[in-house]
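Heads up: the structure comes next, in structure tokens.
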Amino acid sequence: MGEHWIVVADNSRARIFSVDQEDGRLQPVVTLEHPEGRKQSREINADRPGRAFDNVGEGRHSMGTVVDPVEEERLRFTRRIGDYLRAACIKGRCRRLLLVTGPHQLGLLRKHLELPPGTRVSELGKNLGQYATQDLGKHLPKRL
């Protein structure tokens with residue numbers, strides 16, 4: 001497998017490819033799935049928080065959550081991607097990465113990606129997760 005990897009990710013799937021040559025074909029390495037990333041907030045939080053009474057007076061209010069459940073799932077999956085990439089780079093399986101994901105997730109991944117020194121990272125802030133493998137090359141830079 002090549003030392004150049006391309007990571008194409010969205011909220012529910014991360015496909016990792018290796019490229020032997022800078023303009024070569026994408027060779028699948030692994031696909032990480034996270035079905036929870038497709039769910040909406042109401043599906044994740046099906047067991048909604050109850051209601052509480054105020055200590056003083058007759059007021060009632062709902063008890064809310066601190067973190068948006070959709071964002072929490074996105075963070076959980078982003079950490080999983082980062083952990084996989086870190087382990088692969090430590091083992092010497094990749095030395096260069098091209099991260100291809102939407103701008104929001106790219107920011108999260110950048111924040112949680114702890115790679116060994118010497119690993120080169122490039123970024124492309126596009127969500128290409130919906131494209132088939134054979135069509136991805138049309139949307140990637142000519143030279144990786």
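Just so you know, all these numbers are worked out from the coordinates, no wet-lab data involved. Keep in mind that what you see is a predicted model, and the values were worked out from it rather than measured. Note that we place each Cβ from the backbone using ideal geometry, even for glycine, and neighbour counts take in every protein chain shown.
Ranked by Cβ crowding within 10 angstrom, fewest neighbours first, how are Asp20, Asp10 ordered?
Numbers: Asp20 11, Asp10 20.
Final ranking by Cβ density, sparse to dense: Asp20, Asp10.
List the residues, sorted by chain then number, that are 5 or more residues from Ser122 or on another chain and whose placed amide H is less than 5 Å from its amide H.
Residues meeting the amide H criterion: Leu97, Leu98, Leu99.
With θ set to phi - 60° and the Karplus curve 6.51 cos²θ - 1.76 cosθ + 1.60, what are the ³J(HN,Hα) couplings of segment 72-78 in order, to the nearest whole Hz, using x for Gly and Pro?
Each residue of segment 72-78 in turn: 5, 5, 4, 5, 4, 5, 4 Hz.
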